[in-house]
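**Student:** Below you'll find the structure I mean.
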Amino acid sequence: MAERSIPLIDHRQLAARPAVPVHAAQPSGLLSDRRGRALHDLRISVTDRCNFRCSYCMPKEVFDKDHRFLPHSELLSFEETTRLARLFTLHGVRKIRLTGGEPLLRKNLEILVGQLASLRTPDGEPLDLTLTTNASLLARKAAVLKAAGLQRVTVSLDALDDTVFRRMNDVDFPVADVLTGIEAAIAAGLAPIKVNMVVKRGTNDQEIVPMARFFREQFGGQVVLRFIEYMDVGITNGWRMDEVLPSAQVVQRLHEVFPLRALEPTAPGETAERWGYADGRGEIGVISSVTHAFCGDCNRARLSTEGKLYLCLFAQRGHDLRALLRDPAAYDDRQIAAAIGQIWQGRDDRYSELRGSAAGAEAAAAKVEMSYIGG
Ligand code: SAM
Ligand code: SF4
Ligand code: SF4
């Protein structure tokens, strides 16, 4: 097979330095972007490193021994991350998801979890604090993360068949160890657990029904399985539309074996469409990022490992908040919060709605990698 040569744009050089408004107003908590969308969720990437090489995310031929991951001095410290997270809560953020790369590779992550768990919304409520992981280190870390204040975890697992899964993670990691991680998370009190399966037509779509059957029957109904359409994130994964299996077909295939009925969403801006098993034994979700754009109520911001704010999973450019945190001018919280507010107010991103159009094609040429800003 011919070797694939994929240019990797280094987005780490591309961030703009945010302007600090001269008159920094106190955040109202009612921020709205140019399309009237509030700011509710913050995804924080705590490392750009991963011990897996899933071909749809960090293909081996790009993320190889020559790839330059961020040095430690460039990462936000836990204190810097928590400071920014607190400012985001003043603008309306109620939910924080830690991600990566593989977040459990970040040393002493439980310290950050503890700091974030102590944050409160302006109404005095704790945040909804969760984490997405490949589960390779979950058995070791679940109890300490729970004790630090983590509420739930989402685990990624693309197949039950060991050969298929080992091929997809491309580091020969076995399914059994992911299942042990899920078990440990349930035992630690992190349930209900969401399990995310990225579906690639021709690679793991034969696993849809076995995965559904397994998670219906095992773990006492404490796992909700969600099927994610394979997305064109970044520019390195060689994405092709014919490898996307539309969620409608996932639902149809499942419905033939386990009759399903549509369920109401539990929260506005929820990405997953919920389907319940007609026999009452649990539910599944489908995330149709490609075939059914949900930009209209997208209320998520993303903070990269070294403090760049991205307004869309498919953004080309970040906003360098770390530059403000480390500026010799020593900006105070009110100034940095005002800068964040101004960035969100200028947001017009809606990549999934534009996919396929001329504007979408232009945007597609230089998207940021998912392993860098997190899923
Ligand atoms: N390493 C962790 C993990 O895999 O759970 C967290 C980071 S990973 C980037 C977050 C989520 O993004 C995972 O559920 C992963 O399956 C998903 N993901 C990565 N690349 C994707 C793609 N091209 N299409 C759809 N989902 C993708
Ligand atoms: Fe790593 Fe997660 Fe990306 Fe797989 S999806 S390569 S586990 S960051
Ligand atoms: Fe949100 Fe961007 Fe995804 Fe649309 S494409 S739902 S704006 S992250």
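None of the figures in this text is laboratory data; all of them are computed from the coordinates on show. Being a predicted model, the structure only gives us computed values, none of them experimental. Cβ atoms come from the backbone with ideal geometry, glycine included; neighbour counts cover every protein chain shown.
**Student:** What does the extension gain come out to for Leu263 and Lys65, with contour length at 0.36 nm per residue minus their alpha carbon separation?
**Tutor:** Result: 66.7 nm gained on full extension.
**Student:** Then there's this: Fewest to most neighbouring Cβ within 10 Å: what's the order for Ser32, Ser73, Ser289?
**Tutor:** The most exposed by this proxy come first: Ser73, Ser32, Ser289.
**Student:** Mind putting a number on the dipole of region 33-373 about its Cα centre? Charges go on the C-beta only, +1 for Lys and Arg and -1 for Asp and Glu, and I need it in Debye to the nearest 20.
**Tutor:** 440 debye
**Student:** List the residues of region 302-322 whose backbone N lies under 20 Å from a point placed 7 Å from the Cα of Ala19 along the Cα-to-Cβ direction.
**Tutor:** Of the residues in region 302-322, 309-311, 317-322 have backbone N under 20 Å from the label point off Ala19.
**Student:** Calculated from DSSP H runs of 4 or more alone, at -39500 (n - 2.57) each and per residue, what is the 222 nm mean residue ellipticity of the chain, nearest 500?
**Tutor:** -8000 deg cm²/dmol
**Student:** If you wrap a convex hull around the alpha carbons of the chain, what volume per residue comes out, as a whole number of Å³?
**Tutor:** 141 Å³
**Student:** What is the spin-label model distance, in nm, from Ala359 to Asp128 if the labels are put 7 Å beyond Cα along the C-beta direction?
**Tutor:** Roughly 2.9 nm, to one decimal.
**Student:** Mind listing P(r) for region 290-342? All alpha-carbon pairs, 10 Å bins, whole percents.
**Tutor:** It works out to 21, 45, 24, 8, 2, in whole percents.
**Student:** Looking only at the chain, where both bridge partners belong to it, what percent of the DSSP beta bridges are antiparallel (to the nearest 5)?
**Tutor:** In the chain, DSSP labels about 30 percent of beta bridges as antiparallel.
**Student:** Rank the residues Thr305, Thr271 as a footprinting-exposure proxy: fewest other Cβ atoms within 10 Å of their Cβ go first.
**Tutor:** Ranked by crowding around the Cβ, least crowded first: Thr271, Thr305.
**Student:** Another question, if that's okay. Quick check: residue separation of Ala176 and His255 times 0.36 nm, minus the Cα distance between them. What number comes out in nm?
**Tutor:** On the way: separation 79, 0.36 × 79 = 28.44 nm, distance 2.73 nm.
Additional length available on full extension: 25.7 nm.
**Student:** Could you give the length gained on full extension between Val144 and Ala330, defined as 0.36 nm per residue of separation minus the Cα-Cα distance, in nm?
**Tutor:** Values: separation 186, 0.36 × 186 = 66.96 nm, distance 3.45 nm.
Difference between extended and current length: 63.5 nm.
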